[in-house]
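One structure is given below, encoded as structure tokens.
Read-outs throughout are calculated quantities, based only on the coordinates presented, and are distinct from any laboratory measurement. Owing to the predicted nature of the structure, the values given are computational and were not obtained by experimental measurement. Methodologically, a virtual Cβ is constructed for each residue, glycine included, from the backbone with ideal geometry; neighbour enumeration extends over all protein chains shown.
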Ligand code: NAD
């Protein structure tokens, strides 16, 4: 069993509460990690040491901060096998997939190590010798609150961008993956001065205590409900809230595409990581001209995905996913594949395909964090666009089309941060995301995250009378 610990001021500890949480393995329900629950006093101590360490870290040369990130990336790379084993045991992702996403995290750290030192200000020329300088400064202390579904890659993005720009960080990993978060911090912190990176643990209340503490920015990746309560806490303290939250991403299958290829894209988008991805395909609008062939191909695809995916993170999530599927069937959707809870241990759920779905079904309207592909048939691209846009979320959307004008309409008209044309995943490595509506606020990832992690100081510079 893994024993996760807090990390405050460079020291590991169990905290003052004496309370612990036990994480169970989603593959068989066995206990896998014991983690202490940080108290308000532990969290305050972590924030205080981060505040004390902030001036020196802010004054450290960007190239030296970048070198620390590269050294941390080397350490994570060397320990990737061990870290993938912990991640697989805590959140159920097959080990190969876990290694892949740790590789993505390492890449992100290296990317911020390269971008940090080149993150520069601007100048504006005024009258005569007058000039306005805009220089980026770190915000100060950043609270980083992360989810379980991609625990290393997500944390590496926020930690990398915050640290390379000279902020100090208090990280609270998800209560579902505390040993993964703890091991990641143990690999990074030897390369930093004490106090620059601290780790506290616990569930929602610990996250809320950190979000309401004396920090300068709260960066949260997680559910919309938690993000909203963090935004309210930040409104009280004056901290900036940076939120990358849930989604209900649509996939539009246009009349002119190969339905077999479209089914492969839909299955990948809906089933990989057992559907537990913020930008998973959550609802599908298929044009009537191809809907029959598309559904047949998607049903056949689903049958090939059963052995490729791990369990859901726990049975509570499985119950929620299954209830959404059952409610859809009760309300008239047809179950084309899956949809039954298997016998046996763990929190497995099969790749599931539904057809004849309506937009007011929870499986279409809400985020379904499971391997479910609900399909609605539409009569026109216009109808697909309108129905795709009608959502409380605004994370991402995909359109599969051969028509450039349809692709253009999608990126101009869909009220989402990211529009993907002809690929459910991908894009430039290190690309930014800018969610809207219930999906969050501020840039996540990309060079733009460096702007979010900094404040701009403006200097108006003029020569004294008679010149310098
Ligand atoms: P969650 O919001 O329940 O938990 C995430 C983190 O927030 C955890 O560390 C948790 O302890 C903490 N937390 C929970 N309630 C809190 C509160 N009231 N105040 C402060 N902190 C709180 O989310 P989850 O279930 O771990 O993760 C799944 C969700 O994350 C999904 O909705 C998914 O779409 C989203 N997600 C979004 C992105 C993105 O980039 N947009 C990426 C990954 C996951």
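Measure nothing but the geometry: give the 0 to 90° angle between the long axis through the Cα atoms of 80-91 and the longest principal axis through the Cα atoms of the chain, rounded to 10°.
Helix 80-91 sits at roughly 60 degrees to that axis.
Helix-only estimate, please: 222 nm mean residue ellipticity of the chain, summing -39500 (n - 2.57) across DSSP H runs of length 4 or more and dividing by its residues, to the nearest 500. Present the calculation step by step, with values, prior to reporting the outcome.
Values: 15 runs with 192 residues, N = 468.
-13000 deg cm²/dmol, from helical runs alone.
Can you give the angle from 0 to 90° between the axis of helix 224-237 and the longest principal axis of the chain, with both taken from C-alpha atoms, to the nearest 10?
With rounding to tens, the tilt is 20 degrees.
Under the Kirkwood approximation applied to all pairs of distinct alpha-carbon atoms, what is the hydrodynamic radius of region 421-468 in Å? Don't jump to the answer; show the numbers that get you there.
Numbers: mean 1/r = 0.0692 Å⁻¹.
Radius from the Kirkwood sum: 14.5 Å.
Multiply the residue gap between residue 421 and residue 52 by 0.36 nm, knock off their C-alpha separation, and tell me the result in nm, one decimal place.
Gain in length upon complete extension: 128.1 nm.
I'd like the FRET efficiency for residue 462 and residue 67, computed as 1/(1 + (r/R0)^6) with the beta carbon distance as r and R0 of 45 Å, rounded to 0.05.
Numbers: r = 37 Å, r/R0 = 0.83.
Once rounded, the FRET efficiency stands at 0.75.
Just rank 323, 44, 90, fewest to most, by other beta-carbon atoms within 10 angstrom. Could the numbers behind the result be given before it?
Numbers: 323 12, 44 16, 90 28.
So the residues, fewest neighbours to most, are 323, 44, 90.
In which sequence would 109, 335 go, from the one with the fewest C-beta neighbours within 10 Å to the one with the most? Can you show the working numbers first?
On the way: 109 28, 335 16.
By the 10 Å Cβ count, ascending, the order reads 335, 109.
If you count the DSSP beta bridges with both ends in the chain, what percent of them are antiparallel, to the nearest 5? Walk me through the numbers before you get to the answer.
Values: 29 of 67 bridges.
Looking only at bridges with both residues in the chain, the antiparallel portion is about 45 percent.
Determine, for each peptide in 373-383, 136-146, the mean count of other beta carbons within 10 angstrom over its residues, then list the peptides with the highest first. Intermediate values should be presented prior to the final figure.
Details: 373-383: 20.1, 136-146: 24.5.
Per-residue mean Cβ counts within 10 Å order the peptides as 136-146, 373-383.
Jot down the per residue volume, in cubic angstrom and as a whole number, of the convex hull over the alpha-carbon atoms of the chain. Don't skip to the answer; put the middle values down first.
Working: hull volume 69.7 nm³, N = 468.
Looking at the chain, the number lands at 149 Å³ per residue.
Provide, for q = 0.13 Å⁻¹, the log10 of I(q)/I(0) from a solvent-free Debye sum over equal Cα point scatterers in region 249-421.
Calculated log10 I(q)/I(0) at the listed q: -0.56.
Want the number for residue 360 to residue 319: 0.36 nm per residue separation, take away the alpha-carbon distance, what's left? Walk me through the intermediate numbers first.
Numbers: separation 41, 0.36 × 41 = 14.76 nm, distance 1.99 nm.
Net length gain for the segment: 12.8 nm.
Order by neighbour count: 216, 319, fewest other Cβ atoms within 10 Å first, most last.
Working: 216 21, 319 14.
Fewest-to-most ranking of 216, 319: 319, 216.
I'd like the antiparallel share, as a percent to the nearest 5, of DSSP beta bridges with both residues in region 114-212.
On the way: 4 of 12 bridges.
Close to 35 percent.
How do the peptides 420-432, 200-212 rank, highest first, by the average count of neighbouring beta carbon atoms within 10 Å per residue? Before the final figure, lay out the partial values.
On the way: 420-432: 14.5, 200-212: 21.7.
My ranking of the peptides, most packed first, is 200-212, 420-432.
Determine, for each peptide in 299-305, 58-64, 11-17, the mean count of other beta carbons within 10 angstrom over its residues, then list the peptides with the highest first.
Descending mean neighbour count gives 299-305, 11-17, 58-64.
In degrees between 0 and 90, to the nearest 10, how far off the longest principal axis of the chain does helix 259-271 point, with axes built from Cα atoms?
Between helix and principal axis, roughly 50 degrees.
To the nearest Å, what is the center-to-center distance of region 106-144 and region 166-225, using C-alpha atoms only?
About 24 Å separates the Cα centre of region 106-144 from the one of region 166-225.
Assuming R0 = 41 Å, what is the FRET efficiency of residue 133 and residue 341, from their Cβ-Cβ distance, to the nearest 0.05? Can you show the working numbers first?
Working: r = 62 Å, r/R0 = 1.51.
Rounded to the nearest 0.05, the efficiency is 0.10.
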